[in-house]
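What follows is a single structure, written as structure tokens, with notes after it.
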């Protein structure tokens, strides 16, 4: 597998730690304010103890800066992994509180899956598999993220209303039951959840500079915590349960579909062991646990065994893909335009995930929202990530009692907003502008995930893209093994000529030629596409990215030979098709 481009760039500028200390400390503190509620919310939504999300961010902050050279990324649990972890937990028997013993066992099995996936991530990093982020079609990746956003909204909206949505509800049935959740909103929880949701959506619209000084998550907590105390949210009460069984069928835990259920005191608040010394107490249901590795070797139960290893691959592939894409996006935002060594970063995330899994934490990635906040808040080096981890550690050690006053409805509202941003209508419009065929891949992936699962959803999206490429003239013989001709034009310039087709599935082979001749040898590259029948959107997008990478190295990547191709849309990264087959030599 070809080395990722980040491994060939110039070393990052030398930055004095003392000179940047105050900037990194301030940015780390501001990111900590955003990260604390999100870490609790993501862990709770994933079926893990809320404290597990904070543990992951602490490890991500303290471990990854020692290994990765990523200057601006913040590591921690991410909303994009909620559904992966929750579906894994569900396969292992997670009941979302109906059976605490089964939930703890599912949690321990999921930890074992996370540890195994972390080992695979380390191996991928050492094998220079950072190019994994370039293999999947761009629209399918965006469709995957949008589907995750839809599922997060569907699962967290009932939480914001104080309605119980059992973990075993599939996405589409859950979406169909949302009107029922609205009709049975909990009167107290709904006030907190809906007000928090209104703040999340309306606060970013305030243009006053003072508003930008306070993270919206902090504003939500500043209002939700006192409101919860005033309304006595910790008292036992009743709430509506969106049970999946129909026609009044009975089951083990609920008498009737849609029945009211009793909730004990504190059920609507974050459950964190206090004092902090009880976090690792094996008898504490809200505490951290150790992995149960038997799920990975239980050959006698083949169904469970194969499910476990399926989720190992899902954790490793989806987690690595999200992290690589986030790191590349944050590099673009970096004012100093430093480049992350993606192989090294992947190894660092694997090591941190290994530690997190062994101690009871969630999987982590390079998280885009907190990383963007780090850039905006003036972070200078990777030590901003370390400061954010230190502040989280201090918060858990010194004020755990504050965490137990946070309403789950407020955290649910934060995640609804996060899900909305992942599946924003603008995403659909943006993809449609690139080309209607890309919208088909985007929507196909989204619907595929909702109807099946994440793995089959991304496979469906890739399959749609492959079929479209073949229908537009791509030769099936060259879909995965590109035909590339190379000539040296002068001492500092090479001509790279893909033939037949240049599409997402053979891009890595084309990319390796450009990398080895251009970035590795400090030479200019001319990419001549006149011999292709089809150049898809993903390849056009990647070529434009490479243009920027070459420019930052004072080199030039030129794209020629598209005069005979017709674009699928006016978008600069739209697919191109050659109307004259004879041109494709």
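The values are calculated or read from the model by the stated rules, or taken from the named source; none is laboratory data. Computed from a predicted model, the values in this text were never measured in an experiment. Virtual Cβ from ideal backbone geometry, glycine too; neighbours counted across all protein chains shown.
Scanning segment 207-222 for residues that are touching a residue at least 60 places away in the same chain (Cβ under 8 Å) and either surrounded by 16 or more Cβ atoms within 10 Å (Cβ to Cβ) or more than 28 Å from the chain's Cα centre (by Cα) (or both) returns 215, 217, 220, 221.
Of 160, 181, all but one fail to be in a helix (DSSP H, G or I) and over 25 Å from the mean Cα position of the chain (by Cα); the exception is 181.
Is it the case that segment 113-131 has a residue that's under 17 Å from the mean Cα position of the chain (by Cα), in the same structural domain as residue 418 (by TED's automatic domain parsing) and at pLDDT below 95? Quick ask: steps written out before the conclusion?
Residues of segment 113-131 that are under 17 Å from the mean Cα position of the chain (by Cα), as a first pass: 114, 117-118, 121, 130.
The next check asks that each one be in the same structural domain as residue 418 (by TED's automatic domain parsing); those that pass are 114, 117-118, 121, 130.
Okay, now just the ones that are also at pLDDT below 95, so 130.
Yes, some residue in segment 113-131 is under 17 Å from the mean Cα position of the chain (by Cα), in the same structural domain as residue 418 (by TED's automatic domain parsing) and at pLDDT below 95.
Go over the candidates 356, 348, 316 one by one and state the one that is in contact with a helix residue (DSSP H, G or I) (Cβ under 7 Å, 6 or more places away or on another chain), more than 11 Å from residue 121 (Cα to Cα) and at pLDDT 90 or above.
Numbers: 348 fails: more than 11 Å from residue 121 (Cα to Cα); 316 fails: more than 11 Å from residue 121 (Cα to Cα).
Among 356, 348, 316, only 356 is in contact with a helix residue (DSSP H, G or I) (Cβ under 7 Å, 6 or more places away or on another chain), more than 11 Å from residue 121 (Cα to Cα) and at pLDDT 90 or above.
Only one entry in 330, 295, 369, 375 is touching a helix residue (DSSP H, G or I) at 6+ places or on another chain (Cβ under 8 Å) and farther than 22 Å from residue 82 by Cα, namely 375.
When we screen 530, 551 for residues that are in contact with a helix residue (DSSP H, G or I) (Cβ under 7 Å, 6 or more places away or on another chain) and surrounded by fewer than 21 Cβ atoms within 10 Å (Cβ to Cβ), the only hit is 530.
Within the group 489, 481, 508, 495, which residue is assigned to a helix (DSSP H, G or I) and either buried (at least 17 other Cβ atoms within 10 Å of the Cβ) or not assigned by TED's automatic domain parsing to the domain that holds residue 266 (or both)? Quick ask: steps written out before the conclusion?
Numbers: 489 fails: assigned to a helix (DSSP H, G or I); 481 fails: assigned to a helix (DSSP H, G or I); 495 fails: assigned to a helix (DSSP H, G or I).
One residue alone meets the criteria, 508.
Within segment 118-136, the residues that satisfy the criterion of being within 25 Å of residue 463 (Cα to Cα) and part of a helix (DSSP H, G or I) are 124, 130, 131, 132, 133, 134. Take the conditions (1) over 24 Å from residue 72 (Cβ atoms); (2) in a helix (DSSP H, G or I); (3) touching a strand residue (DSSP E or B) at 6+ places or on another chain (Cβ under 9 Å); residue 405 misses just one of them, which is (2).
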